[in-house]
Every structure is written in C-alpha cells, then in structure tokens.
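> This structure is in structure tokens; I'll ask about it shortly.
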Amino acid sequence: MMNKTFKKDDWAKALEGLKDKFKVYVPVKEGDFHNFRLLGNGRKPNFEFQNTRLSPKSVILPQSERMFEYSLEESKEDAHIVKEVPKDFSPQAIVGIRPCDALAFDLVRINFDNPQFQDPWWVRRMESTTLVGFACNDPCSSCFCTSVGTGPFGERGLDALMVDLGDRYLVRSLTPKGETFLAKLEFGTEADDALIKKALSLAGEAEKKITSKVPTDRLRGKVVNELFNAPFWERVSFACINCGTCTFLCPTCWCFDIQDEVYRKEGDRIRNWDACMFPLFTLHGSGHNPRDKKLQRVRQRFMHKLKYYVDKYGNGPACVGCGRCVQHCPVNIDIREVFHLMNGT
Amino acid sequence: MESIHPIRGENKIMSDIRNPYLPYPVRIDKIVTETEDKNLKTFRFVFLNPEDEGRFAYTPGQFAELSIAGKGEIPIGIASSPTEKGFVTFTVNKVGQVTTYLHNMKEGEVMGIRGPLGNWYPWEKMEGKNVVIVGGGFAFTTLRSSIVYMLHPDNRSRFKDITVVYGARSPGMLLYKGELATWEQRDDIHMHITVDSTNDPNWKYNTGFVPTITEQKIKSADNAIAIVCGPPIMIKFTQPVLEKLGFPPERIILSLEMRMKCGIGICGRCNIGDQYVCKDGPVFSLAQLKQMPPEY
C-alpha cells in the first residue's frame, strides 16, 4: 500500500510525465461538461466536476470498434476471409474515474469474461488498464451509490483512489497494479497520517451527503414472471420516447451490434453500441418482433438490470447509482422509483 | 512488482485463446435447392483449413453463424450430423440481406462459419427412451441432423422407438425429400410425413396439419421424450396434444429462434428473461419455458 500526495499543479505535471509509459485518459472539460479523453495534443486534465457526462466505458468498449477486416478483391489469395486487425493493448490508465463507474467495470466483467466465453478485446483492454479513482467529496442529489455496493469513497474495482484535499490530492494504491502506476509518478511525496485522517473524515462527510436510497434486498426473492406481469410497467413506460439516452449514458449498459462496412473492395466488421430501447434490436428476419412495444422494451431494460442480471449471476443489481439516467432522461423516468416498485417497498 | 503483476497485455493468456468472433473460412462445396418455391437451399461447406473441422466438433441441435464478408452474419441450425464427416450443411430460408446474398452465391465461393454455438438436444436424457420428433416447415434442419445421428449404426441401439411427424404446406415444400423416402422404407424409424393439403393424386402419405397427425399417430408418452421444432403456430397447437398424450413439460423439448449477433451470450439482444437463447439455448424444455417470461 502506497500513500502519496501531490500538489494540484504537480498532479497534472506528473500525469503529463507518464505519457511515454501509459496512455492516460483524464477528465477534460468540453463546453459545459467533462468527458474522458486521452492526454496529449495540449489537452489539460480538469478535475473540477461532479461526474463526467459519459462514463469511461468507451475506453474498454469503444462506441464503435473495428473487429476484423477483409478484402473482396478476387485477385487476392485471401479474398472473403475475415481476419484479425492489429490492436494496441499497451498499458493505459483511466485517471479520475468515479467509484460508481469503476464498480460498473466490475459488474459487467462477468458478461465479457466468463468460464465459457471471453471477449478478447474487452478482457485484454481491462488487463492493460489501471483504474485510478477519484473520490466524491460532493455527491450529486441523484447519486445512490451507497445502496448498490459502493460509495463516494468506494474502492471496489479500483487500483488506486485519489482524494481532493483542497490544495492537494492524496493518492493511495489499492492493488499491485495501482502501486506500479503510482511508483512511476514524479512529484509525489509520502503522505503523513494527518492527511490520511483528513481523507477519512471527508469520506464520512461525503457518505452523509448521499440522500437518495433505493431498496434492493427483495429483488432476488421475487418471482420473475410476477415482476414481468406487474401492472406498474404501463405507468413507468408511458412517457418513454425510446430515445436510448439512458442506455448510452449508463456505465453498465454493454449491448452492441455487429455490422459489416465496405468501401470499394476493402471491408471491416465493426461493433457499435446498441440499445434495447430500439425496436430493431430484436426484430427477426421474418418480421416477428418479441419486443415490438415500448412497454416491453422499457421493461426489458429495468428487468435486465434489477432482476435478470441478479438472477443469472447472483450479483448486482447491474446499476451503480451514478444517477446519469435520472438526470438526463428527457421525460423524467427515474430508476430509483423503479427500484421501489420492483423491490416492493 | 511488474513481474508479479504484469500490466502489459501482450504476454497475457488471452493470446492463447481463439477469438470467438472469428469465423472459420469455408468453401461452398454443394448447393441444393430444396423446395418448389426455391426459397430454401441447402449449402454444404468444406473447411479451407482441414484442422478447423475438428475444432468445429458439434452435437445435433446446435447452430452456427454463417458469415459473409461485406454482408454480415446469420444464426442457422446445423443440418448435418456429426456422424457425417468432411463437411457441414445448413438449410437456409431466403429472408433478409445475408440470406438473399447467400442464395445467389455459387459453389466454390469462399465465406465463413462461426461455431458451433448454443446447447443441444438432451441426448443423455434421451438414451434408452422412445424419441418422438415433431417438425414443421423449414425448422426440420436440426431434426434432420438428429435423425441421421440416431440412425447411425454406432448410435441406433442407444434409443428405443424413433417416431417422426414432419409436415409442410405442400409436397413440394418438404425438405430432404430423398432422405424422407429412404427413411420411409426403413423399419427402425416410424415416419409420418404430412402436408397441409395437396391435389397431387399420387401423394401417398398423410394430409393434415402436424398437430392433428401427431394426435392420430403418437399413441403413448410412456418412456418417451418429444422434440418439437416448427413455426410458432404449429408449436402452439402441438403442445396441448403432447400434454394430453401424457408428456410432462420436462419431456417436451423445443428449439427457439431469436435475432442474434454475437452468438456467445455477450452482445445482449437474444435474452428471454435471464436466459440467452444463443448461449443458454436454443434448446429449452417446456418446463423451463414455463418459468421464463413469455417474450419470444
């Protein structure tokens, strides 16, 4: 375990100094909000945010990713044969990820890396990634991370955690990976006990600021078809416009589509984020669609996160309480209310 | 520290595992037009790399993704039996972009197959039992695989009576007509072929819908397991017939279809409740389905 402190100005310089050893993703202010971007090209990290607009899930599962390539040029010996493309799995770090978004990687791991199948790109990217968390001193009013397995200073899924102590950051390693990362940083000094104590007291204060609570205790015991047939779905889904915003913002939404794209005689097989909110997601070739109604799609999204995932993996729910969907749903559908409805309290 | 916990990706175990999204290259060896409407063709594929055939070891009931560079992939049941060596076959209905393109391809062309995927019919539970196969239309493909598998001299003694009810709209819409005629002649399988209707005066088999013929021909559910594959309407009306005959839901086996992409339970679209049809299915017992949300 390593505890180091960095003056705020030094922290940016220390990250900058890592550029040759790691690809460093940091929060960058873009207009009114923050998103994770690769450090470089004059980009400056900016840690003055509650949370980034999008979680950094795209660092591990890019919104569009080239899977394979092929040539349709008949004169080529390997025409029509789908082949792997070179990919960069060199070490990288996501610095400034909130504990909720780090928990999301932990929750979706079972989908991409299970005894039966491993998604090679997701797994290798996770292996090469160090997650340096950023504790929340001031959680949002829509945050409910403490109800779903982490907290504003939560450590689950993280390799290191940084805490804002006003004029400086305390950064503590949590795994050997985090320790390796921290050891490579310049400008840091050993943190003394007083600073560590201060961080602890901030953690307590931050937890008290989380006012949203959701119940999850009865989800596992519920009979799936009783929840499926519950009358409340009509009301929950009534205002939904199937825009898919919730799924794109959600750090635990992982669904993707696979498409072929060809330019002249060269083509790629690409995977793109997809969403259960769209009718095409489940449309059969025959025209039949098992989820052709809005209610069915809204129900699928919540049932997947709060029931199917819980049942399948004895885990979860597959929600980290980041509150993004609550904040950005254009018709104010609130997952916290759905927790109450499904859990039955 | 770095040597204990390497963070470099290159030296990790993943490089040893075959990419499950990468299709095996195959050559179209033979194309047979199966039905009078020419909408169903059977494609026989040979692996370009002979060692891939061994990697593609499958069990009847499984499916694969047929992969055409530039067009995409489609999940199709495997119609050949693992007892048939040197090739794999798929019968494909012309429906969408990929299948339409495939129907226009020629023998000798190169494409890909990815699999085998999904689970299979419960062969261990079927041992020592009477097997009743009920199929309709073009869903007969994995049933054909199963029949060929069971009739193979190595396997036939593992099963008791094999009874097949197979129906199509008209005689010209039946798949595998040559094999059906051969099986009709055998005494180790009871065939009940039927068509919805026909004005062919030489039609020598049954006329009537599959559920009706099942009710007439299947006499008992004793020590029997039923495998049902067909269009939803056929399944809907066959289910009560089988239950009336005394088949408990645990011994009624169904194979489902769903829109799929990855085929390995990762991309997220083919779920029914907490079950992915591609990975946890496509084969489910009626008992399982009764516990799952009716969303298929």
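The values are calculated or read from the model by the stated rules, or taken from the named source; none is laboratory data. Note that the structure is predicted; figures quoted are calculated from it, not measured. Heads up, the Cβs are rebuilt from the backbone with ideal geometry, glycines too, and the neighbour counts pull from every protein chain shown.
> Please give the strands (runs of 3 or more DSSP E) falling wholly within segment B:1-79 in which 3 or more residues are facing chain A (nearest Cβ under 9 Å) and modelled with pLDDT of 95 or more.
Working: elements: B:24-33, B:40-47, B:63-68, B:72-77.
Qualifying strands (runs of 3 or more DSSP E): B:72-77.
> Taking the condition surrounded by 20 or more Cβ atoms within 10 Å (Cβ to Cβ) and of a type in the set (Gly, Ala, Ser), does residue A:206 pass? Lay out the reasoning, then the answer.
Values: surrounded by 20 or more Cβ atoms within 10 Å (Cβ to Cβ): yes; of a type in the set (Gly, Ala, Ser): yes.
It is true that residue A:206 is surrounded by 20 or more Cβ atoms within 10 Å (Cβ to Cβ) and of a type in the set (Gly, Ala, Ser).
> Taking the residues in segment A:114-131 that are more than 7 Å from chain B (Cβ to nearest Cβ) and modelled with pLDDT of 95 or more as candidates, determine which candidate is farthest from the chain's Cα centre (by Cα).
Ranking the candidates gives A:121 first.
> Would you check which residues across segment B:254-279 are touching a residue at least 24 places away in the same chain (Cβ under 8 Å), within 9 Å of another protein chain (Cβ to nearest Cβ) and in a loop (DSSP other than H, G, I, E, B) and list them?
Once the filter is applied, which keeps residues that are touching a residue at least 24 places away in the same chain (Cβ under 8 Å), within 9 Å of another protein chain (Cβ to nearest Cβ) and in a loop (DSSP other than H, G, I, E, B), segment B:254-279 yields B:257, B:258, B:261, B:262, B:264, B:279.
> Can you find, within segment A:72-121, the residue that is farthest from residue B:49 (Cα to Cα) among those that are among the small types (Gly, Ala, Ser) and assigned to a loop (DSSP other than H, G, I, E, B)? Break it down stepwise before answering.
First, pick out the residues of segment A:72-121 that are among the small types (Gly, Ala, Ser): A:75, A:79, A:90, A:93, A:96, A:102, A:104.
In the following step, the residues that additionally are assigned to a loop (DSSP other than H, G, I, E, B) were identified as A:75, A:79, A:90.
Details: A:75: 20, A:79: 15, A:90: 32 Å.
So, considering only residues that are among the small types (Gly, Ala, Ser) and assigned to a loop (DSSP other than H, G, I, E, B), the one farthest from residue B:49 (Cα to Cα) is A:90.
> With respect to residue B:110, is the statement that it is in contact with a strand residue (DSSP E or B) (Cβ under 9 Å, 6 or more places away or on another chain) and either free of Cβ contacts under 8 Å to residues at least 24 places away in the same chain or over 24 Å from residue B:283 (Cα atoms) (or both) true?
Details: in contact with a strand residue (DSSP E or B) (Cβ under 9 Å, 6 or more places away or on another chain): yes; either free of Cβ contacts under 8 Å to residues at least 24 places away in the same chain or over 24 Å from residue B:283 (Cα atoms) (or both): yes.
It is true that residue B:110 is in contact with a strand residue (DSSP E or B) (Cβ under 9 Å, 6 or more places away or on another chain) and either free of Cβ contacts under 8 Å to residues at least 24 places away in the same chain or over 24 Å from residue B:283 (Cα atoms) (or both).
> Looking at segment A:74-113 only, could you name the residues that are within 7 Å of chain B (Cβ to nearest Cβ) and either touching a helix residue (DSSP H, G or I) at 6+ places or on another chain (Cβ under 8 Å) or at positive phi (or both)?
Residues satisfying the conditions are A:80, A:89, A:112.
> If I filter segment A:177-194 down to residues being surrounded by fewer than 15 Cβ atoms within 10 Å (Cβ to Cβ) and farther than 17 Å from residue A:15 by Cβ, which single residue comes out as farthest from the other protein chains (Cβ to nearest Cβ)?
Among those that are surrounded by fewer than 15 Cβ atoms within 10 Å (Cβ to Cβ) and farther than 17 Å from residue A:15 by Cβ, it is A:194.
> Taking segment A:102-115, which residues are under 16 Å from residue B:274 (Cα atoms) and surrounded by fewer than 20 Cβ atoms within 10 Å (Cβ to Cβ)?
Passing the criteria: A:110, A:114.
> Given the criteria touching a residue at least 40 places away in the same chain (Cβ under 8 Å), under 27 Å from residue A:16 (Cβ atoms) and surrounded by fewer than 21 Cβ atoms within 10 Å (Cβ to Cβ), does residue A:64 qualify? Please lay out each step first, then the result.
On the way: touching a residue at least 40 places away in the same chain (Cβ under 8 Å): yes; under 27 Å from residue A:16 (Cβ atoms): no; surrounded by fewer than 21 Cβ atoms within 10 Å (Cβ to Cβ): yes.
The answer is no for residue A:64.
> Mind listing just one residue for me: the one in segment A:218-277 that is of a type in the set (Ser, Thr, Tyr) and in contact (Cβ under 8 Å) with a residue 12 or more places away in the chain and, of those, farthest from the other protein chains (Cβ to nearest Cβ)? Give the steps one after another, and end with the answer.
Going through segment A:218-277, the residues of a type in the set (Ser, Thr, Tyr) turn out to be A:237, A:245, A:247, A:252, A:263.
Now drop any that are not in contact (Cβ under 8 Å) with a residue 12 or more places away in the chain, which leaves A:237, A:245, A:247, A:252.
Details: A:237: 14, A:245: 18, A:247: 10, A:252: 11 Å.
Here the residue is A:245.
> Taking segment A:306-341 on its own, how many of its residues are away from every other protein chain (no Cβ under 14 Å) and over 16 Å from residue A:247 (Cβ atoms)?
Of all residues in segment A:306-341, those away from every other protein chain (no Cβ under 14 Å) come to A:319-341.
After this cut, where a residue has to be over 16 Å from residue A:247 (Cβ atoms) as well, the list is A:321, A:332, A:336-337, A:339-341.
Residues in segment A:306-341 being away from every other protein chain (no Cβ under 14 Å) and over 16 Å from residue A:247 (Cβ atoms): 7 in total.
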